[in-house]
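Notes for the one structure printed next.
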Amino acid sequence: MSVIIKTPSEIEKLREGGKHLAMVLAEAAALVRPGISAMELEELAQKRIKEMGDTPAFLGYKPAGHRTPYPAALIVSVNNVVVHGIPTAKIILKEGDVVSLDLGIKHDGLFTDHAVTVPVGDVAKDKAKLIQVTRESLAVALEAIVPGARTGDIGHAVESFAKKAGKYGVVKALAGHGVGRAIHEDPYIPNYGRKGTGELLVPGMVVAIEPMLTLGSDEVIEGSDGYSMKTVDGSCAAHFEHTILITETGYEILTLV
């Protein structure tokens, strides 16, 4: 494992990029409503990223093991799709859907990553609570980042909170990660684990923390498009993510407006 400590100049660029990213994702989330297509959200994201002078991080990105590059800037994952949903004009959001929007940008050579989950119109109470609990689990994960913390402390915090909140599946096959000079770096940060285990979090590290919870099974399968990861039982999922800087006293969220 090779963890990259960012320089002060890199951190300043990441702060700038994180703000740009938060602005674009907030604009995309504000457009979510019944009748809008995933492609319309994609077009907005690409347009605003370009206007800010940045580059989409996911468009053309080819993760290890994939035959083709990811074909969009924005990830749009609806209902039982946990992550990596490909936006198309055929995906029309409906009243009661739950949609996760995940976006990464490259600003001045450095990457940030951010995700939110939003309801489409009025949603069922269990789906609304899933969104709330997943959002809160990210806050709980960040609270675990104190001087001397390890990646296992983050995973333990997410898993423990989710179990106390109800019968939620904590997705184990997908995880948070380092970010900055590349879109995916070490360390690997699962949303489960034991306190005091895993990689030590030291000042200057930049990581993406991203809890993913479901209303059912924690197991996922790959969709026929080769990218989307779906719950094995078809249950609804939610996903929140922030890019953060590890500091001497704890952390700083970089993906805020």
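No lab work stands behind these numbers, since they all come straight from the coordinates. Given the structure is predicted, the values throughout are model-derived calculations rather than measurements. Cβ sites come from the backbone with ideal geometry, for glycine too, and all protein chains shown count toward neighbours.
With +1 on each Lys and Arg Cβ and -1 on each Asp and Glu Cβ, how big is the dipole of the stretch 89-177 about its Cα centre, in debye rounded to the nearest 20? Write down the numbers at each step before the final one.
Numbers: 12 positive and 11 negative charges, 68 e Å.
The calculation lands at about 320 debye.
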| task | For the stretch 1-125, just the Cα set please: Rg and Dmax, both in angstrom. | result | 15.3, 46
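Do the sum for the chain: with -39,500 (n - 2.57) for every DSSP H run of n ≥ 4, divided by all residues, what is the mean residue ellipticity at 222 nm, to the nearest 500 deg cm²/dmol?
Working: 4 runs with 72 residues, N = 257.
Only helices count here, giving -9500 deg cm²/dmol.
Sorted by mean Cβ packing within 10 Å, highest first, what order do the peptides 61-71, 2-12, 103-113, 204-214 take? Let's see the in-between values first.
Working: 61-71: 11.3, 2-12: 13.7, 103-113: 23.5, 204-214: 26.6.
Result, highest mean first: 204-214, 103-113, 2-12, 61-71.
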| task | Quick one: what are the phi-derived ³J(HN,Hα) couplings along the stretch 94-105, Karplus 6.51/-1.76/1.60 with θ = phi - 60°, whole Hz, x for glycine and proline? | result | 10, 3, x, 6, 10, 10, 9, 10, 10, 9, x, 9
| note | Evaluated at 20 °C and 1.002 mPa s, the Stokes-Einstein D of the stretch 51-190 based on the Kirkwood radius over Cα pairs, in µm²/s, stands at 128 µm²/s
| Taking H as built 1.01 Å from N, whose amide H comes closer than 5 Å to the amide H of Ile36, not counting residues under 5 places away? | Leu93
| query | Which label marks the calculated value of Cα extents along the principal axes in Å, given the options (i) 70, 48, 30; (ii) 46, 43, 34; (iii) 68, 46, 40? | reply | (ii)
| message | If amide hydrogens are placed 1.01 Å from N in the peptide plane, which non-local residues have theirs closer than 5 Å to the one on Val82? | response | Met229, Lys230, Thr231
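To one decimal place, what Kirkwood hydrodynamic radius in Å is obtained for the stretch 138-240 from all pairs of distinct Cα atoms? Intermediate values should be presented prior to the final figure.
Values: mean 1/r = 0.0708 Å⁻¹.
By the Kirkwood definition, the hydrodynamic radius is 14.1 Å.
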| request: Pop the C-beta distance of Thr68 and Ile36 into the FRET formula with R0 = 30 Å and round what comes out to the nearest 0.05. | output: 0.70
| remark: Restricting to aspartates and glutamates and to Cα separations under 12 Å from Lys127, and discarding same-chain partners fewer than 8 apart, the set is Asp97
| request: Provide the per-residue ³J(HN,Hα) series for the stretch 181-192, in order, calculated from phi with Karplus coefficients 6.51, -1.76, 1.60 and θ = phi - 60°, each as a whole number of Hz, with x at glycine and proline positions. | output: 6, 9, 6, 10, 10, 6, x, 7, 10, x, 9, 8
| said: I need the phi-derived Karplus couplings for the stretch 131-140: 6.51 cos²θ - 1.76 cosθ + 1.60, θ = phi - 60°, integer Hz, Gly and Pro marked x. | reply: 4, 4, 5, 5, 4, 5, 5, 5, 4, 5
| query | What are the lysines whose alpha-carbon lies under 20 Å from the alpha-carbon of Lys125, with same-chain residues fewer than 8 places away excluded? | reply | Lys94, Lys163, Lys164, Lys167
| message | What distance in nm separates the two pseudo spin-label positions at Val3 and Ala26, each 7 Å out from Cα along the beta-carbon direction? | response | 3.1 nm
| Cα centre as origin, Lys/Arg/Asp/Glu Cβ charges: the chain dipole, Debye | 300 debye
| Equivalent-ellipsoid semi-axes of the stretch 168-210, from the Cα gyration tensor, Å, largest first | 19, 14, 7
